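J.: Have a look at the structure that comes next, please.
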Amino acid sequence: MIGTVKSYDPRRGVGEVTPENGGAGVAVFVSEVERAGLAALTPGQRLSFSVQTDRVRRRSFAVRLEVL
């Protein structure tokens, strides 16, 4: 999936990515940003990512981030 970083707060370690195909924004966490080898995300930055859903909280979040 491809999307654009809507927001990212490095102090809180959380942000949001808006998918290009529309739909609700997806959370992105600092652990995934670091796993991708990135220091931070910048609003407007385009990413390729997959979506994973937390079974307990039923919330979706971005994984396997790659800057385009």
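Please treat every number below as a calculation from the coordinates, not as lab data. Being a predicted model, the structure only gives us computed values, none of them experimental. We place every Cβ from the backbone using ideal geometry, glycine too, and count neighbours over all the protein chains shown.
J.: Against the condition within 15 Å of residue 60 (Cα to Cα) and in contact (Cβ under 8 Å) with a residue 24 or more places away in the chain, how does residue 25 come out, does it pass? Full working, then the answer.
T.: On the way: within 15 Å of residue 60 (Cα to Cα): yes; in contact (Cβ under 8 Å) with a residue 24 or more places away in the chain: no.
Taking the combined requirement at face value, the residue does not satisfy it.
J.: Further, regarding this structure: Just checking, how many residues over the stretch 7-22 are buried (at least 16 other Cβ atoms within 10 Å of the Cβ) and either farther than 18 Å from residue 60 by Cβ or touching an Asp or Glu at 6+ places or on another chain (Cβ under 7 Å) (or both)?
T.: Number of matching residues: 1.
J.: Could I ask something else about it? Could you look through the stretch 1-33, keep only residues that are among the acidic types (Asp, Glu) and in a strand (DSSP E or B), and pick out the one that is nearest to residue 66 (Cα to Cα)?
T.: Going residue by residue through the stretch 1-33, those that are among the acidic types (Asp, Glu) are 9, 16, 20, 32.
Now restrict to residues that are in a strand (DSSP E or B): 9, 16.
Working: 9: 18, 16: 15 Å.
Once the filter is applied, the top-ranked residue is 16.
J.: Would you please name the residue that is farthest from residue 67 (Cα to Cα), looking only at residues in the stretch 34-46 that are of a type in the set (Gly, Ala, Ser) and surrounded by 12 or more Cβ atoms within 10 Å (Cβ to Cβ)? So that I can check it myself, show each step before the final result.
T.: Quick first cut of the stretch 34-46, residues of a type in the set (Gly, Ala, Ser) only: 36-37, 39-40, 44.
Adding the requirement that they be surrounded by 12 or more Cβ atoms within 10 Å (Cβ to Cβ) leaves 36, 40.
Values: 36: 9, 40: 11 Å.
Looking at the filtered set, the residue picked out is 40.
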